[in-house]
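Q: Here it is, the structure, as structure tokens.
Only the coordinates and a few stated rules stand behind these numbers; no lab work does. These numbers were taken from a predicted model, which means no experiment stands behind them. FYI the Cβ positions are ideal-geometry reconstructions off the backbone, even for glycines, and counts take in every protein chain you see.
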Amino acid sequence: MRNSSLSRRQFLRFSAGMAGLAALSACAPAAAPSAGGDAGGGAATSGEAVNVSLGLTWEAAFQSHQKEFDDKFMEAHPDITLEPVYNTWSDHNNVVPTWAAADTLPDIIYVHGSRAFPWAFEGITIPLQSYIDTDTEFNVEDVWAEALNLYNFKGEQHGIPYDHGPNLLGYNKDMFDAAGIAYPDETWTMDTLRETALQLTDAAGEVPKWGWSAEMPGLSNQDGVSSLGPWGAELLNADENTLLLDTDAALESTQYWTDLILVDKSAP
């Protein structure tokens with residue numbers, strides 16, 4: 001049984017990132033430096049026309065915001081032309097490896113947190129470290145370290161996350177009120193969550209009610225830290241080359257989630 005609660009520090013550490021970033025792809029030539037910044041050897045010199053292709057996956061409603069950003073960037077850097085290509089979210093994570101296999105990757109691609117490690121490992125993305133180290137207009141320390149870590153491979157940064165957020169626990173106030181149960185607070189433990197989910201479940205009622213969502217928490221590099229973290233378990237070792245799912249802490253965590261759904265039947 002897990003009776004300890006998470007401190008704020010632990011919560012931040014074990015929060016899984018729904019993060020995205022722009023990363024240089026393996027087919028990309030050296031990018032042009034920003035005005036006033038220094039770049040590594042091989043980069044286009046200031047004033048030389050450069051076309052930069054972008055492989056993105058924004059929905060139609062967001063594309064106007066991307067265009068606004070692109071226009072402002074090109075106004076500030078008239079020698080650079082941005083050329084975005086949009087994939088649907090359902091296709092993007094399959095299209096990018098296809099581009100890589102065909103050697104037709106755009107210069108910069110959107111990389112979801114769940115693809116950060118495999119795409120770096122497979123050579124789809126390339127390190128940005130030389131640009132980070134020499135660009136005088138960009139300070140990597142302005143970016144939250146935990147978000148950066150998700151896109152760090154073998155000690156080098158493969159992408160810069162533009163957003164990063166935790167998995168949060170939501171609850172239905174109407175169900176809590178009807179059951180006369182106090183809302184979750186900082187005293188809750190993982191055992192409290194399981195016990196309350198069972199109390200809220202009424203699968204045989206006229207309108208079935210479930211105390212937990214139907215989804216089993218994931219064990220990807222995106223979700224695994226949230227699913228395993230409360231037990232002190234880790235998904236991978238420090239070198240990210242060995243799974244740690246056979247440790248006692250990891251087994252305890254997966255047993256918890258399995259029992260909540262299959263034994264307690266607190267989810268459909």
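Q: Between residue 64 and residue 179, how many nm apart are label points set 7 Å from Cα along the C-beta direction?
A: Here the modelled spin labels are 4.3 nm apart.
Q: If you don't mind, another one. Provide, in order from the shortest bin, the percent of all Cα-Cα pairs of the stretch 59-115 in each 10 Å bin, continuing until the bin that contains the maximum pair distance.
A: Bin by bin from 0 Å, the calculated values are 19, 45, 31, 5.
Q: Calculate the length of the line joining the C-alpha centroid of the stretch 67-113 to that of the stretch 197-268, in whole Å.
A: 35 Å
Q: Largest first and in whole Å, give the semi-axes of the stretch 102-144's equivalent ellipsoid, each being the square root of 5 times a Cα gyration tensor eigenvalue.
A: 23, 14, 9
Q: Here's another thing I want to ask about it. Given bins 10 angstrom wide, list per bin the percent of all Cα-Cα distances in the stretch 59-216, short to long.
A: All Cα pairs considered, the percentages come to 8, 24, 25, 18, 17, 7, 1.
Q: Mind checking which lysines have their Cα closer than 19 Å to the Cα of residue 173? Skip sequence neighbours fewer than 8 apart in that chain.
A: 209
Q: Quickly rank 60-70, 152-162 as a protection proxy: mean count of other C-beta atoms within 10 Å, highest first.
A: Ranked by mean Cβ neighbours within 10 Å, highest first: 152-162, 60-70.
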